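First comes the structure, then the notes that go with it.
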Amino acid sequence: MAALLFALVTVVVHNTAQVPDETLVRAEAEAEQVFSNAGIAIQWTEAAAPTTFTIHVIIRRQPGGGPGRFAPSALGTTLGNDHSRGGSSFIFYDRALLFAHAHSRAVHVILASRSLTNSVTYCCLRLRTLRQD
């Protein structure tokens, strides 16, 4: 039985960490399945349309000098509080790799379940909160 879809979320992935294509495709498919079960369709795209709710996910090797540098166990972070038109999240690929290896998990599963889904969920929940206020 097919799940009823209640929302469509557009996601642009900026792969600055050069995650292998196969790993990224598998992570995206895993994240799609998680959201599909919740009635949310994910549309992966190269660029955001100005009128759509879009989440930008930037995959970096390390947090660098930005958010996340003081939380060594964080696999990523989401920026800002106003997610009325989308949001921006960072995923720290080297940390995801370490976590996957430490817990004997496939990297694409960690990217999907711990990072992509967290990024998208945070922005969507924040949007819902803003609309209820």
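The numbers here are math on the coordinates, done by the rules we state, and not lab data. Note that this is a predicted model, so its numbers are computed, not measured. Note that we place each Cβ from the backbone using ideal geometry, even for glycine, and neighbour counts take in every protein chain shown.
General observations
- Efficiency of FRET from Cβ geometry, L79 and S113, R₀ 30 Å, rounded to 0.05: 0.90
- Amide H to amide H, with H built 1.01 Å from N, V11 comes under 5 Å of Q43, W44, T45, I55, counting only residues 5 or more places away or on other chains.
- Net charge of Cβ neighbours under 14 Å - reference W44; Lys, Arg +1; Asp, Glu -1: -4
- Residues with amide H under 5 Å from that of A38, placed H, sequence gap 5 or more: none
- Given R0 = 41 Å, the distance between the Cβ atoms of H101 and T52 translates into a calculated FRET efficiency of 0.70.
- Each residue of segment 90-105 is assigned a 3J(HN,Hα), and the resulting list reads 10, 10, 9, 4, 4, 5, 5, 4, 4, 4, 4, 5, 5, 10, 6, 10 Hz, derived from the Karplus form 6.51 cos²θ - 1.76 cosθ + 1.60 (θ = phi - 60°), x at Gly and Pro.
- Net charge of neighbours whose Cβ lies under 11 Å from the Cβ of V19, counting Lys and Arg as +1 and Asp and Glu as -1: -1
- Charge tally around E28: other residues with Cβ under 12 Å, Lys/Arg +1 each, Asp/Glu -1 each, net -3.
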